[in-house]
1. Is it the case, given these coordinates, that D43 is of a type in the set (D, E, K, R), surrounded by fewer than 10 Cβ atoms within 10 Å (Cβ to Cβ), modelled with pLDDT of 80 or more and assigned to a helix (DSSP H, G or I)?
2. Does segment 1-37 hold any residues that are modelled with pLDDT under 65 and in a helix (DSSP H, G or I), and which are they?
Amino acid sequence: MEHDKRCSGFFSGFILGGIVGAIAAFVLSQKSGRDTLKAKMKDIITQARESIREAIEEGREAAVRKEAELRDDQEK
């Protein structure tokens, strides 16, 4: 009889542990692959936009400097 109680307790603990583990895995799991992919794409697009803005600004600054050089050369 004591053996039955121990087995019963073991299986009850096993089932309860499985349920708690499944709930913990569900709550702590990562986002779905689609959500993760969307987030990565959003980051890539944001970085690309920033890089393009910086390149445009650098191009404008270079054009202004070159224009100033050409004007100085014409005045001489």
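1. Details: of a type in the set (D, E, K, R): yes; surrounded by fewer than 10 Cβ atoms within 10 Å (Cβ to Cβ): no; modelled with pLDDT of 80 or more: yes; assigned to a helix (DSSP H, G or I): yes.
So D43 does not fit the description; no.
2. Within segment 1-37, the subset modelled with pLDDT under 65 is 1-7, 30-31, 33.
Listed by number, the residues that qualify are E2, H3, D4, K5, R6, C7, G33.
The values are calculated or read from the model by the stated rules, or taken from the named source; none is laboratory data. Treat the numbers as computed from the prediction; the structure is a model and nothing was measured. Cβ atoms come from the backbone with ideal geometry, glycine included; neighbour counts cover every protein chain shown.
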